[in-house]
Each structure stands twice: as C-alpha cells, then as structure tokens.
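Participant: The structure that follows is given in the form of structure tokens.
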Amino acid sequence: MLPQLNFAHVRARLPIIQGGMAVRVATANLAAAVANEGGIGIIAGTGMSVSALQAEIRKARELTTGYIGVNVLFAVTQFAQLVRTAMKEKVDFIVSGAGFSRDIFAWGKEFNVPVMAMASSARVARLAEKMGAAAVVVEGKEAGGHLGTDKSIFEILPEIVREVSIPVIAAGGIMSGEDIARALDAGASGVQMASRFVASEECEASQKFKELYLNSKSEDSVLIESPVGLPGRAIRNHLTELLRVNKTIPVKECKGCLKHCTHSFCILKALESAVEGDVENGLVFAGEFFHRINEILPVKKIFAQLISEFEQYRQLNLSKLNYGIASISQYNNAASK
Ligand SMILES: Cc1cc2nc3c(=O)[nH]c(=O)nc-3n(C[C@H](O)[C@H](O)[C@H](O)COP(=O)(O)O)c2cc1C
C-alpha cells in the first residue's frame, strides 16, 4: 500500500505532491483535484499578481479540504509579497522554487507556515534543513522547468536521504506507480510529479499546451538557457529553435519580473503565450519523460492508475522474492539429500 506523507502538520493520505508550475499551469483547479484524491496540491504563485494568488488560494479552499501549498520562484521580484500573501492566507506550506534565503524561514515562523526547499545536492539539502525546512524536494535533471543539476534523480537521491533527517521528496521523471515505488525504495518519503498532471482535464493550461505533450517525441526534450541564469527543460518548438540558433530574442517590453535577468528573451511573456495556446512562440516547460504520457485524463483516473501500477509492481517483486526463496530451499533440500 502507498504510505502516508507526513511533514510539519501535514498528514497526506498519499505521498504524491503535484509540483508547482508557473505561469498559471498549476492553479486552484488542479491543486484541489489532487488534494481531493488524497495527494497534495500546489498553486504556482509565480507570474500572478498578489490579488490573483489570493483569489486562487481562496478558490482552492472552496474546492477542497485537502492539503494545498504555494510555490514561488525565488528569482522573481515579487517573491516576498507573494510568499507573505500565501502565508497570510494560511496555506499548508510554501515551496521556495529554484533557490531560497534565510528570510523565507523567518516569515514561516512569523506566520506559522512550514517551508519546503528545493535542492539538487546534499550540500543545499543540508543547508535547507539547518535553516529550518520542514522537508526538501530533490529535483533531478529529468524535471521540467528550471534545473539545478545535470544528474539523475536516482543518482542524487540516496546521498541526500543519508545526509538529512527531514522528509525527502523525489522529483523529476516520476511518471508511473513503478517510479513511485523505486523512489520510496531509495529512501524518499514521497514524490513530486508535475508533467503527468499537465495532461489532466483539471489543468488550466490550453488544450494546445497539453497536446504538445502528447504529440512530441522523446528527442524533443531540450534544454534552454533561461534568463533566470539556469538551464530550463522544455519541449522543442519554434522558440527553442530560435534560441538555439540566435541565443537571444529582443525583449520589446520589460516588466522587471526577475530580480536578476539576463534579458536573453522575455520568459514571462514566453510562458504566458504558451499557456494561452501559442505553443510555437511560447515556452512549454516539460519534464524529460513527458513522452511517456499518452492521454489526457481526469486527476481521479491518474491517481487510480498510479495506485494500481504501484500495487502491481510490489506484487511482482513479492512473487519474484517468493520464487527466489522457493528456489533456494529446493536447492538446499536437494543438496542435503
Ligand atoms: C510546466 C512546468 C512549469 C514548472 N514551473 C515550476 C515553478 O514555477 N516552480 C518550481 O519550483 N518548479 C516548477 N516546475 C518543476 C515542477 O514543479 C517539478 O518539480 C518537476 O517538473 C518534476 O518533474 P516531472 O515534470 O518530470 O514530474 C515546472 C515544471 C513544469 C513541467
């Protein structure tokens, strides 16, 4: 059976967190659907105004009594306002995306809201624990969006599990119940999945955004240099090809959304365009294994599939183990005759 996921006051029935996805890919509708299945939903605050985030949190509360968190990218200018707004709204926890500083832990104490940090190395995970993180999300290179490592989740996970005593959540490339089982076997307390939930009925990204996931091939998973100063994993399209050839796309209007921006292109506009349906000129973030998803399903069905795949994998391994034990005892019996 899938275990419960516990951290701070959170006692989720299933150890599955839906990852935060900017801009307006992970909204109240998706987060609440995940929370209603016993998982944990996350609203991405990045790219929203303070009032829009407030409205999304309140909407999620109307749609579910389950656990809801908010993810904000550390790189955005409005980081403090968005995080403090979510904390005032008493979300269950906050995730500081792609980086963190001491401030967020102080605000967490002020509002009594637990903070989760993202990490891609044991050093950063240890630092997050020392600063007061309630749990750490370890993201491997398979993850969609901004990346902090070029190593696989299954390469970095065991070391981080050994190094910290807070719950460790595995993220990047977790697509099936078998992947969940493998992450738990490697010591994770839960998983964070994002791409799988893009292809859900409840995700509010445009149909074209979701269809690009279904219609692209494995070789279309590409890395771009984000203006944030980190690589970002996306699906190959006209925009990523332009960036590959020209490196930059002139920015016509700058809203100053990032604390530090390389101005190589406008990521806010690119993410907004994609989510609204311009999937050639926009930026479509997706995890490396998006091609393993082949249908858009209601969140309820995605959960049913994940649970049944997990059970099947466990049953299969149990039968293999029993077969192994039976073979050894047969051998021993034969040898002792
Ligand atoms: C469309 C999209 C947008 C994302 N935006 C964010 C974000 O705003 N903040 C963040 O911390 N991670 C973001 N991520 C990363 C996810 O939350 C998650 O950790 C990662 O994608 C997990 O890998 P998977 O997609 O293979 O399941 C994004 C991922 C995707 C696919």
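Participant: Gain in length, residue 311 to residue 101, computed as 0.36 nm per residue apart minus the alpha-carbon separation, to one decimal in nm? Walk me through the numbers on the way to the answer.
Facilitator: Details: separation 210, 0.36 × 210 = 75.60 nm, distance 3.95 nm.
Computed gain between residue 311 and residue 101 is 71.7 nm.
Participant: If the reach is capped at under 20 angstrom between alpha carbons, list the aspartates and glutamates near residue 90, excluding any in the same chain fewer than eight residues apart.
Facilitator: Result set, ordered by chain and number: 56, 62, 103, 110.
Participant: Are there GluC sites (Glu not before Pro) in the range 222-290 that DSSP marks as loop and that have at most 10 other Cβ atoms within 10 Å, and which are they?
Facilitator: 253
Participant: Given 0.36 nm per residue, what is the gain on full extension from residue 50 to residue 241 after removing their alpha carbon distance, in nm?
Facilitator: Length difference between fully extended and current span is 65.4 nm.
Participant: Oh, and also: Taking 0.36 nm per intervening residue step and subtracting the Cα-Cα distance, what contour gain separates residue 255 from residue 300 on full extension? Walk me through the numbers on the way to the answer.
Facilitator: Numbers: separation 45, 0.36 × 45 = 16.20 nm, distance 3.81 nm.
Stretched out fully, the residue 255 to residue 300 stretch lengthens by 12.4 nm.
Participant: While we're here: When the helix-only estimate is applied to the chain (DSSP H runs of n ≥ 4, each -39,500 (n - 2.57), divided by the residue count), what is the mean residue ellipticity at 222 nm, nearest 500 deg cm²/dmol?
Facilitator: Details: 12 runs with 143 residues, N = 337.
Computed ellipticity for the chain at 222 nm equals -13000 deg cm²/dmol.
Participant: Right, next: Sorted from largest to smallest, which semi-axis lengths in Å does the alpha carbon gyration tensor of the chain give for its equivalent ellipsoid, taking the root of 5 times each eigenvalue?
Facilitator: 34, 24, 20
Participant: How about residue 151: which lysines have a C-alpha closer than 18 Å to its C-alpha, ignoring those fewer than 8 places off in the same chain?
Facilitator: 141
Participant: What aspartates and glutamates could a cross-link reach from residue 255, if we take a straight Cα to Cα line under 14 Å and drop same-chain neighbours fewer than 8 places away?
Facilitator: 272
Participant: Mind sorting 258, 318, 242 by how few other Cβ atoms lie within 10 Å of their own Cβ, fewest first?
Facilitator: If I rank by nearby Cβ atoms, fewest first, I get 318, 242, 258.
Participant: Viscosity 1.567 mPa s, temperature 4 °C: what is the translational diffusion coefficient of the range 190-337 from Stokes-Einstein with a Kirkwood Rh over Cα pairs, rounded to a whole number of µm²/s?
Facilitator: Result for D is 71 µm²/s.
Participant: Could you calculate the FRET efficiency of residue 61 with residue 323 from 1/(1 + (r/R0)^6), where r is the beta carbon distance between them and R0 is 51 Å, rounded to 0.05?
Facilitator: Result of the calculation: an efficiency of 0.55.
Participant: Provide 248, 64 in ascending order of the number of other Cβ atoms located within 10 Å of each residue's Cβ, fewest first.
Facilitator: 248, 64
Where a number appears in this text, it was derived from the coordinates with a stated rule and is not lab data. Worth saying up front: this structure is predicted, and the values here are computed from it rather than measured. Glycine gets a Cβ as well: all are built from the backbone with ideal geometry, and neighbour counts include every protein chain shown.
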